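Novice: The structure that follows is given in the form of structure tokens.
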Amino acid sequence: MCPIAEAVDRLTHNSDAGERGAVFTRREVVDFMLDLAGYTPDRPLHCMRLLEPSFGSGEFLLAAVERLLTAFQTAGGVGDLSTCIRAVELHGDTFASTKSYLKSLLLNSGFPEPEAARLLNAWLVSGDFLLSPLSGQFDFVVGNPPYVRQELIPAALVLEYRKRYATLYDRADLYIPFIERSLGLLTDGGLCALICADRWTKNRYGAPLRALVAGGFHLRAYVDMVDTPAFNTEVIAYPAITLIEKAPPGPTLVAERPAIDDESLSLLARALLRGVADDTIGISFVEHATLGSEPWVLSSSAKRALLRRLEANFPLLEDAGCKVGIGVATGADKVFIAKMDDLDVEPSRKLPLVTTKDITSGEVRWLGLGVINPFEDDGKLADLAHYPKLRAYLELHRTTIAGRHVAKKSPANWYRTIDRITPALAARPKLLIPDIKGAAHVVYESGGLYPHHNLYYVESSEWDLRALQAVLLSSVARQFVAAYSTTMRGGYLRFQAQYLRRIRLPRWATVAQHMRERLVRAATTLDLGECDKAAAELYGLTADEAIMLAQ
């Protein structure tokens, strides 16, 4: 058996739900998405084609077939339905159980057993959607593609997927090529309604797919499902529903956090299909949602207009004399990190380490941890012959250290940390920012501590760091991060480097002396209200704009 076939066979017969990325969608959401796509029984569905890329336990498939049968019977019940549905599923047991449910549905609807068997054989495809041949094009693609990290996919399959799908970029999850193929199978005017993690609409790995959508499709509707129970189980990364048409690009209707009940979702679907904004039910209108590979900014029109104005008027954070970085990842924290006094190595081979626990109060309160530094000041890996205590310590933990991926890639450098440590960074003043927070948490560190990998840091050759701290603590800075960051459970944002670098900042030379002093004072006293007011004045916001961002 070839490696690809072997990998598919293992996933078909021996994978669990987590490995397959199986998350099941609530029936209310399924009906909403079918309504949104226009797959409704008042239309001649028996003359149209629907694709379900990963049918799992059949939430979308069974609901679609029910609608198809209603439309068919309304039209007289004469004709061949074998081309109306194509549904693909990889996992063998799941395929068999859903097929059994579907057979019962057809038999209970009056189809003789031979005809039911014929339709099931035509409709259902047992295999990998990304590899299975599918003939023709489809008027509708509806479903919930699997959410699977590349690390969980057999290497042979990842290589084959990369050959076939240009959007499988960087560390993209499996749903990315699922969307690419789904869009490629649409007929002109066809509609693709999928629910999946919203990360691809913002982050780096989604860039090729965003470019694909912008180049030949119309994002007709986007429904943000943050903090809504869209699935039967909880998920960490929140989903969004995208309705994409194979048509020239056009305006997008955006809805946020709908109530998950039949009445509310039915009302929302009808409003979205009318194609007009409706503030009473939270539908806004975005004129140019897709711009090449750029992240999608789908906030309210007023916030979006303000964001674009600030982007036009001010340089990026790093163009204004600041630098964003991330702390050290070791690959074996239990070995490389401990209390400073417990790290029995030469003094030059360890540095005081600052972690998120040290800054929870808003100020640095160092808890005494240190990190092993295997690098010299010039960036070269230290020669262990010159450091007997370091060598003894590392040899004591060699099994753990050498077992890391970074060590296996370069056995001669088995004791290096994943990230190079630059001791001079510890000595310099910097601002420290944890990754995931509901609001900006920006802490001034005067120098002496090296940041851990769960902290981002900002330095500046131009800005006074206390003044910069006030700006980064403000609602203005948060708006930039919120526009480009994905949202996590509980409304938390990712304050990662890629999003921090999106912040716009006036050049320090243009900031008046009284404003400099005001910003420094606000940061030093951690007066967040004053940070907001000072930043609003700094950026030239109107009173209404300042209120809007603070809400």
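Novice: Exactly one condition in (1) modelled with pLDDT of 95 or more; (2) within 19 Å of residue 523 (Cα to Cα); (3) open to solvent by 60 Å² or more (accessible area, probe 1.4 Å) is false for residue 389; which is it?
Specialist: In the conditions (1) modelled with pLDDT of 95 or more; (2) within 19 Å of residue 523 (Cα to Cα); (3) open to solvent by 60 Å² or more (accessible area, probe 1.4 Å), residue 389 misses (2) alone.
Novice: Return the total of residues in the range 386-402 being free of Cβ contacts under 8 Å to residues at least 60 places away in the same chain and not in a helix (DSSP H, G or I).
Specialist: Filtering the range 386-402 down to residues free of Cβ contacts under 8 Å to residues at least 60 places away in the same chain leaves 386-396, 398-399, 402.
Now drop any that are not not in a helix (DSSP H, G or I), which leaves 387.
Here the count works out to 1.
Novice: Report, by residue number, each residue of the range 350-385 that is free of Cβ contacts under 8 Å to residues at least 24 places away in the same chain and either among the hydroxyl-bearing types (Ser, Thr, Tyr) or within 17 Å of residue 326 (Cα to Cα) (or both). Explain how you work it out, then say what you get.
Specialist: Pass one, the range 350-385, residues free of Cβ contacts under 8 Å to residues at least 24 places away in the same chain: 350, 357, 360-361, 365, 367, 376, 378, 380, 383, 385.
357, 360, 361, listed by residue number.
Novice: For residue 379, indicate whether it is touching a Ser or Thr at 6+ places or on another chain (Cβ under 8 Å), at pLDDT below 95 and not hydroxyl-bearing (Ser, Thr, Tyr).
Specialist: On the way: touching a Ser or Thr at 6+ places or on another chain (Cβ under 8 Å): yes; at pLDDT below 95: yes; not hydroxyl-bearing (Ser, Thr, Tyr): yes.
Yes: the conditions hold for residue 379.
Novice: Report, by residue number, each residue of the range 439-471 that is open to solvent by 30 Å² or more (accessible area, probe 1.4 Å) and over 20 Å from residue 373 (Cβ atoms).
Specialist: Scanning the range 439-471 gives 439, 441, 444, 446, 460, 461, 462, 464, 466.
Novice: Considering only the range 208-220, I want to know if a residue exists there that is within 30 Å of residue 268 (Cα to Cα), at pLDDT below 95 and assigned to a loop (DSSP other than H, G, I, E, B).
Specialist: No, the conditions are met nowhere in the range 208-220.
Novice: Which condition number does residue 548 fail, the rest of (1) within 27 Å of residue 361 (Cα to Cα); (2) at pLDDT below 95; (3) not aromatic (Phe, Trp, Tyr) being met?
Specialist: Of everything listed in (1) within 27 Å of residue 361 (Cα to Cα); (2) at pLDDT below 95; (3) not aromatic (Phe, Trp, Tyr), residue 548 misses just condition (1).
Novice: Something else about it: Among the residues of the range 106-119, how many are without any contact (Cβ under 8 Å) to a residue 12 or more places away in the chain, part of a helix (DSSP H, G or I) and under 15 Å from residue 69 (Cβ atoms)?
Specialist: If we filter the range 106-119 for residues that are without any contact (Cβ under 8 Å) to a residue 12 or more places away in the chain, which is where we start, we get 107-108, 110-115.
Within this subset, residues satisfying the condition of being part of a helix (DSSP H, G or I) are 107-108, 113-115.
Next cut, under 15 Å from residue 69 (Cβ atoms) only: 107-108, 115.
Of the residues in that region, 3 qualify.
Novice: Against the conditions (1) over 20 Å from residue 273 (Cα atoms); (2) in contact (Cβ under 8 Å) with a residue 24 or more places away in the chain; (3) surrounded by fewer than 20 Cβ atoms within 10 Å (Cβ to Cβ), where does residue 103 fall short? Just the number, please.
Specialist: (2)
Novice: For the range 393-426, give me the residue count where each residue is over 17 Å from residue 381 (Cα atoms), at pLDDT 95 or above and open to solvent by 70 Å² or more (accessible area, probe 1.4 Å).
Specialist: The number of residues fulfilling the criteria is 3.
Novice: Tell me, please, whether a residue that is touching a strand residue (DSSP E or B) at 6+ places or on another chain (Cβ under 6 Å), at pLDDT 95 or above and closer than 12 Å to residue 143 by Cβ can be found in the range 15-32.
Specialist: no
Novice: For the range 174-205: of the residues being free of Cβ contacts under 8 Å to residues at least 40 places away in the same chain and in contact with a Phe, Trp or Tyr (Cβ under 7 Å, 6 or more places away or on another chain), which is least open to solvent (accessible area, probe 1.4 Å)?
Specialist: My answer is 176.
Novice: I need the full set of residues from the range 500-514 which are open to solvent by less than 70 Å² (accessible area, probe 1.4 Å) and either touching a His at 6+ places or on another chain (Cβ under 8 Å) or without any contact (Cβ under 8 Å) to a residue 40 or more places away in the chain (or both), in order please.
Specialist: Within the range 500-514, just 512 meets the criteria.
Novice: Oh, and also: What do you reckon, is residue 240 among the aliphatic types (A, V, I, L, M) and either farther than 11 Å from residue 36 by Cα or outside any helix (DSSP H, G or I) (or both)?
Specialist: Spelling it out, residue 240 is indeed among the aliphatic types (A, V, I, L, M) and either farther than 11 Å from residue 36 by Cα or outside any helix (DSSP H, G or I) (or both).
Novice: Quick one: which residue in 287, 245, 263 is among the acidic types (Asp, Glu) and modelled with pLDDT under 90? Please lay out each step first, then the result.
Specialist: Values: 245 fails: modelled with pLDDT under 90; 263 fails: modelled with pLDDT under 90.
Going through 287, 245, 263 in turn, the sole match is 287.
Novice: Would you pick out the residues in the range 254-281 that are under 23 Å from the mean Cα position of the chain (by Cα) and open to solvent by 10 Å² or more (accessible area, probe 1.4 Å)? Steps first, answer last, please.
Specialist: Within the range 254-281, the subset under 23 Å from the mean Cα position of the chain (by Cα) is 254-260.
Within the range 254-281, 256, 257, 258, 259, 260 meet the criteria.
Novice: Looking only at the range 282-292, count how many residues are open to solvent by less than 80 Å² (accessible area, probe 1.4 Å), more than 21 Å from residue 203 (Cα to Cα) and not β-branched (Val, Ile, Thr). Before the answer, list the steps.
Specialist: Keep residues of the range 282-292 that are open to solvent by less than 80 Å² (accessible area, probe 1.4 Å), which gives 282-284, 286, 289-290, 292.
Pick out the ones that are also more than 21 Å from residue 203 (Cα to Cα) and you get 282-284.
Then drop every residue that is not not β-branched (Val, Ile, Thr), which leaves 282, 284.
Total satisfying the criteria: 2.
Novice: Also: Of all residues in the range 295-354, how many are under 17 Å from residue 425 (Cβ atoms), assigned to a helix (DSSP H, G or I) and of a type in the set (D, E, K, R)?
Specialist: Looking only at that region, the number is 2.
Novice: Now a separate question. Scan the range 293-317 residue by residue and report those that are open to solvent by 30 Å² or more (accessible area, probe 1.4 Å), among the hydrophobic types (A, V, I, L, M, F, W, C) and at pLDDT 90 or above.
Specialist: 312, 314, 316, listed by residue number.
Novice: If you go through the range 326-382, how many residues are open to solvent by 20 Å² or more (accessible area, probe 1.4 Å), closer than 19 Å to residue 446 by Cβ and not charged (D, E, K, R)?
Specialist: Number of matching residues: 10.
Novice: Can you pull out every residue in the range 313-346 that is of a type in the set (S, T, N, Q) and closer than 21 Å to residue 399 by Cα? Give the steps one after another, and end with the answer.
Specialist: First, pick out the residues of the range 313-346 that are of a type in the set (S, T, N, Q): 313, 330.
Residue satisfying the conditions is 330 alone.
Novice: So, one more: Considering the range 156-172 alone, what residues qualify as being open to solvent by 30 Å² or more (accessible area, probe 1.4 Å), closer than 21 Å to residue 185 by Cα and either under 15 Å from the mean Cα position of the chain (by Cα) or free of Cβ contacts under 8 Å to residues at least 24 places away in the same chain (or both)?
Specialist: 162, 163, 169
The values are calculated or read from the model by the stated rules, or taken from the named source; none is laboratory data. Computed from a prediction, not measured in an experiment: that's the story for all the values here. Glycine gets a Cβ as well: all are built from the backbone with ideal geometry, and neighbour counts include every protein chain shown. Protein only, heavy atoms only, side chains kept; ligands, DNA and RNA dropped before computing areas. Shrake-Rupley method; radii C 1.70, N 1.55, O 1.52, S 1.80 Å.
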